[in-house]
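The values are calculated or read from the model by the stated rules, or taken from the named source; none is laboratory data. In this text, all values refer to a predicted model and were calculated from it rather than measured experimentally. Using ideal geometry, Cβ is built from the backbone for each residue, glycine included, and neighbour counts are taken over all protein chains shown. When the accessible area is computed, the model is the full protein with side chains, heavy atoms only, and any ligands, DNA or RNA have been set aside. Shrake-Rupley method; radii C 1.70, N 1.55, O 1.52, S 1.80 Å.
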Amino acid sequence: MQDSKKILDAWDAYSDEHTDLDGWPHDDHAYGMRKSQRDADTAEAFETLRYGARHLLATAETQLAQLPENAVQSRWVYQLGVLHTALDRLDELHEQWLLNRDALPATARPGAPDFDDALAEHHAESWSYLDDWATHGKALREINTAARRAPSPLVPTPALTPSRRTAARK
């Protein structure tokens with residue numbers, strides 16, 4: 001998620017520098033190539049998280065349900081919903097990519113235009129959902145931090161011990 005944030009920040013800086021005041025690119029081709037690279041970099045950054053993402057969501061939901069109400073941020077439920085929806089869509093797009101990749105000619109390999117174009121299209125379709133993870137994924141960390149700081153019903157609260165009175169000297 002941190003890598004995705006860096007990628008997005010770099011993209012924003014590039015886009016600001018290479019577009020006019022109305023947001024139109026100065027060079028459509030260069031802008032498109034850089035956008036395609038952003039999409040590929042974001043997809044690659046998410047790969048380290050992809051296979052554990054459902055577990056992270058389930059853990060966050062369990063933690064959220066056990067948090068005291070005063071420790072819960074109202075946006076967390078929404079953010080977890082966005083992450084679930086994005087992950088479902090990313091899984092669908094991944095399955096579609098596998099079908100599309102398998103339908104390519106046998107000569108289509110990474111580096112070949114037909115393969116690279118199909119992969120770039122897959123990355124472009126996935127990007128907004130990957131961006132959802134980059135934007136809202138911090139909620140997972142926030143929920144975990146709140147859960148670690150919350151008092152546990154399994155740990156007894158220490159009883160206040162009466163202070164020891166010292167005998168007054170006469």
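If you count only protein heavy atoms with a 1.4 Å probe, what accessible area per residue comes out for region 1-128, rounded to a whole Å²?
Numbers: 8270 Å² over 128 residues.
Per residue, region 1-128 has 65 Å² of solvent-accessible surface.
Starting from the amide H of T19, placed 1.01 Å from N in the peptide plane, find each other amide H under 5 Å away whose residue is 5 or more places distant or on another chain.
Result for T19 returns H26.
Take the alpha carbon atoms of region 24-73, find their radius of gyration, then divide it by 2.2 N^0.38 Å using N residues; give the quotient. Could the numbers behind the result be given before it?
Details: Rg = 18.8 Å, N = 50, 2.2 N^0.38 = 9.7 Å.
For region 24-73, the normalised Cα radius of gyration comes out at 1.94.
Roughly how many debye, to the nearest 20, is the charge dipole of the chain about its Cα centre, given +1 on each Lys and Arg Cβ, -1 on each Asp and Glu Cβ, and no other charges? Walk me through the intermediate numbers first.
Details: 19 positive and 28 negative charges, 520 e Å.
Once rounded to the nearest 20, the dipole reads 2500 debye.
With Cβ to Cβ distances under 14 Å as the rule, what net charge do the other residues near E95 carry (K, R +1; D, E -1)? Walk me through the intermediate numbers first.
Working: positive: R50, R89, R101; negative: D88, D91, E92, D102, E125.
Counting the neighbours of E95, the net charge comes to -2.
Is there a quick way to get the dipole size of region 11-53? I mean about its Cα centre, with the Cβ of Lys and Arg at +1 and of Asp and Glu at -1; what is the value in debye to the nearest 20?
Values: 4 positive and 11 negative charges, 57 e Å.
Computed about the Cα centre, the dipole is about 280 debye.
Could you sort 35-42, 24-31, 115-122 so that the peptide with the highest average Cβ count within 10 Å comes first and the rest follow in order?
Values: 35-42: 19.8, 24-31: 11.2, 115-122: 16.5.
Answer by packing, highest mean first, reads 35-42, 115-122, 24-31.
First select every other residue whose beta carbon is under 13 angstrom from the beta carbon of A147; then total the charges, Lys and Arg +1, Asp and Glu -1. Show your work: numbers first, answer last.
Details: positive: R141, R148, R149; negative: E61, E142.
Value of the local net charge: +1.
Per-residue HN-Hα couplings for region 6-15, Karplus 6.51 cos²θ - 1.76 cosθ + 1.60 at θ = phi - 60°, whole Hz, x for Gly and Pro?
So the J values, rounded to whole Hz, are 5, 4, 5, 4, 5, 5, 4, 5, 4, 4.
Taking the simple approach of a point 7 Å from Cα along Cα-to-Cβ for both D88 and N100, what is their distance in nm?
With each label placed 7 Å out from Cα toward Cβ, I get 2.1 nm.
Compute the acute angle (0 to 90°) between the alpha-carbon long axis of helix 53-66 and the principal axis of greatest extent of the alpha-carbon atoms of the chain; round to the nearest 10°.
30
Can you list the aspartates and glutamates whose alpha carbon sits under 18 Å from that of K6, skipping same-chain ones fewer than 8 residues off?
D16, E17, D39, D41, E44, E47, D131, D132
Looking at L64, S36, W24, which one has the Cα that reaches farthest to the positive end of the dipole of region 15-95 (charges on Cβ: Lys, Arg +1; Asp, Glu -1)?
Farthest along the dipole direction, towards plus: L64.
If r is the Cβ-Cβ distance from Y51 to A71 and R0 is 35 Å, what FRET efficiency results, to the nearest 0.05? It would help to have the intermediate numbers written out before the result.
Values: r = 29 Å, r/R0 = 0.84.
For R0 = 35 Å, the calculated efficiency reads 0.75.
Cα atoms only, the chain: Rg and Dmax in Å?
24.5, 102
From the phi angles alone, apply the Karplus equation (6.51, -1.76, 1.60; θ = phi - 60°) to region 99-106 and give each ³J(HN,Hα) in whole Hz, x where the residue is Gly or Pro.
5, 5, 4, 5, 7, 5, x, 4
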